[in-house]
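Student: Please find one structure pasted underneath; my questions will follow.
The values are calculated or read from the model by the stated rules, or taken from the named source; none is laboratory data. Since this is a predicted model, take the numbers as computed values, not measurements. Using ideal geometry, Cβ is built from the backbone for each residue, glycine included, and neighbour counts are taken over all protein chains shown. These area figures cover heavy atoms from the full protein model, side chains too; ligands, DNA and RNA do not enter into them. Shrake-Rupley method; radii C 1.70, N 1.55, O 1.52, S 1.80 Å.
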Amino acid sequence: MKTPLVVIVGRPNVGKSTLFNRLIGHKEAIVDDQSGVTRDRNYGEADWNNKKYRLIDTGGYVPNSKELFETAIREQVDLAIEEADVILFVVDSRAGITPVDVAIAKKLRNSNKKFFLLANKIDSHNTDQLVYEFHSLGVGEPFAVSGMVGRGLGDFLDLLTGEFPEITNYDEDKRLKIAIVGRPNVGKSSLTNALLGYDRSIVTDIPGTTRDSVDSVLRYHGEEIILIDTAGLRKKSKIDGGIEFYSTVRTLRAIGECDVAIILLDSILGLENQDQKIIDEAVQRRKGIILAVNKWDLVDKDTHTAKIYTDQLNSKLGNLDYLPITFVSALTKQRIFKLIEQAKEIEAERKKRIPTSELNEFLQEEISKLPPPSTHTGREVKIKYMTQVGEKYPVFLFFTNYPKSVNDNYKRYLEKAIRKRFGYFGVPFTMSFKEK
């Protein structure tokens, strides 16, 4: 069962990001203190009373141009209406109703989507009266909440998640789920069609012609595999921010649902900033990852071209050099089924468990070769023990006397050593250091 997608909309400065951070704060997880590429994220997972949902804040995508300002906000709402299961319409109780609020309310009234009106910044009972004005928007009862202090959010979350499915182990689909992701016009739908053997997706040369992101079932040697085609835009956006938001929503949702992400790159354009963001997200979500360089049939090549391309790509990826790189052509079907074989191998690696005794034998060998650096006060750092935990992906717990003193360089040393000894090719994993 798909996890519900909740999108926060509203004009800037109404407190959307503060509310987002407050809601995401309800999720408890093992903290990943492994260093890596970081970036601004407006997406996360939250849970409330054993109900899980995905949350997206649209605020980070509004352009700064004053000329495009209201157009950008209107497009954000349009795209949220198309993509979200539930919409949170946030207004500023202190500022009162603005023309932009009225326009958003009109769009939501005319939609068939479920939405809630949140009057934010009601930080205490002294400001409760500010909520009454928003009844005139005509979009139902406004909820008085405070993203800053959390006031009113408990009762609201009970209502929001009331119809969401409870987290259980019984309805989990055991089939391998592969998401085909990448920037617009890189060939995602063409690859999906080639794998399935029929045109499930509309394909043209215009970016954004895929109409929907319905999952497909690939029957591969008697096994059913779910293909998630993340698609592009249903309609052409007037502004770049709208395109980025829409493709981001679909990509994030697909990465969240999949086991393995096939990240499609354009062989001519190479690795671009948008590709890197998608890779970062898959790494952050600890999904299996394959980099598929598409349109390889268009490249003039000799016997060394693939190796040169791979070396250049790995130099840009830095510490992510454990990701497999496969050269494919959705048009000619060159090596496309190798991607499925790789995805199956990577999923097996994600589920692999190393016995604790074997891990600690390995740990002692590595420490004897290169002990962890001492603390800044000269005290010896001792890593005494390690074990593997985590159900969905590998998590390695290290117990040490000074966890905060294990620096990033030594963590990278241990990660490379783990990969060299135990594999985990194409599998991001977590390393967490705890005090003992």
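Student: Specify the residue that is farthest from Leu176 (Cα to Cα); the eligible residues are those in the stretch 275-318 that are touching an Asp or Glu at 6+ places or on another chain (Cβ under 8 Å) and polar (S, T, N, Q).
Tutor: This residue is Asn314.
Student: Another one. As an exercise: evaluate Tyr220 against (1) in contact with a Leu (Cβ under 8 Å, 6 or more places away or on another chain); (2) at pLDDT 85 or above; (3) open to solvent by less than 60 Å² (accessible area, probe 1.4 Å) and give the number of the one condition it does not meet.
Tutor: Failing condition for Tyr220: (1).
One line per residue, one yes/no per condition, for (1) more than 21 Å from Leu218 (Cβ to Cβ); (2) open to solvent by less than 90 Å² (accessible area, probe 1.4 Å):
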position	(1), (2)
Trp296	yes, yes
Asp300	yes, no
Thr305	yes, yes
Lys316	yes, no
Leu323	yes, yes
Lys338	no, no
Lys352	yes, yes
Thr356	yes, yes
Pro371	yes, yes
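Student: Within the stretch 381-423, can you find the residues that are surrounded by 13 or more Cβ atoms within 10 Å (Cβ to Cβ) and assigned to a loop (DSSP other than H, G, I, E, B)?
Tutor: Within the stretch 381-423, Val381, Lys382, Gly390, Tyr393, Pro394, Asn401, Tyr402, Val406, Asn407, Gly423 qualify.
Student: Could you list, in sequence order, the residues of the stretch 322-342 that are touching a strand residue (DSSP E or B) at 6+ places or on another chain (Cβ under 7 Å) and not in a strand (DSSP E or B)?
Tutor: Across the stretch 322-342, the qualifying residues are Leu323, Pro324, Val328, Ala330, Arg335, Lys338, Leu339, Ile340, Gln342.
Student: Kindly provide the set of residues from the stretch 347-375 that are at pLDDT 95 or above, assigned to a loop (DSSP other than H, G, I, E, B) and among the β-branched types (Val, Ile, Thr), ordered by number.
Tutor: Listed by number, the list holds a single entry, Ile354.
Student: Follow-up question, since we're still on this one. Got a sec? Which of Val427, Val381 is out of contact with any Leu (no Cβ under 8 Å at 6 or more places or on another chain), at pLDDT 95 or above and not charged (D, E, K, R)?
Tutor: Values: Val381 fails: at pLDDT 95 or above.
Every option except Val427 fails the conditions.
Student: From the list Gly426, Gly378, which one is in a loop (DSSP other than H, G, I, E, B) and surrounded by 15 or more Cβ atoms within 10 Å (Cβ to Cβ)? Walk me through how you get there before you give the answer.
Tutor: Numbers: Gly378 fails: surrounded by 15 or more Cβ atoms within 10 Å (Cβ to Cβ).
So the residue among Gly426, Gly378 that is in a loop (DSSP other than H, G, I, E, B) and surrounded by 15 or more Cβ atoms within 10 Å (Cβ to Cβ) is Gly426.
Student: Scanning for something in contact with a strand residue (DSSP E or B) (Cβ under 7 Å, 6 or more places away or on another chain), part of a helix (DSSP H, G or I), of a type outside the set (S, T, N, Q) and closer than 25 Å to Arg175 by Cα, does the stretch 287-305 turn up at least one residue? Break it down stepwise before answering.
Tutor: So the first thing to find is which residues in the stretch 287-305 are in contact with a strand residue (DSSP E or B) (Cβ under 7 Å, 6 or more places away or on another chain), and the list is 287-297.
Cutting the leftovers down to part of a helix (DSSP H, G or I) gives us 296-297.
Next cut, of a type outside the set (S, T, N, Q) only: 296-297.
Add one more test, that the residue is closer than 25 Å to Arg175 by Cα, and what stays is none.
No - not one qualifying residue is present in the stretch 287-305.
Student: Could you check how many residues of the stretch 195-211 are at pLDDT below 90 and over 30 Å from Leu88 (Cα atoms)? Please lay out each step first, then the result.
Tutor: Quick first cut of the stretch 195-211, residues at pLDDT below 90 only: 196-211.
Imposing the further condition that a residue be over 30 Å from Leu88 (Cα atoms) reduces the set to 196-206.
Qualifying residue count for the region: 11.
Student: Answer yes if at least one residue in the stretch 115-126 is of a type in the set (A, V, I, L, M, F, W, C) and within 30 Å of Ile225 (Cβ to Cβ), and no otherwise.
Tutor: Our first condition is that a residue be of a type in the set (A, V, I, L, M, F, W, C); within the stretch 115-126, this holds for 115-119, 122.
The next check asks that each one be within 30 Å of Ile225 (Cβ to Cβ); those that pass are none.
No, that holds for no residue.
Student: For the stretch 248-281, name all the residues that are open to solvent by 30 Å² or more (accessible area, probe 1.4 Å), polar (S, T, N, Q) and either assigned to a loop (DSSP other than H, G, I, E, B) or under 15 Å from Thr326 (Cα atoms) (or both).
Tutor: none
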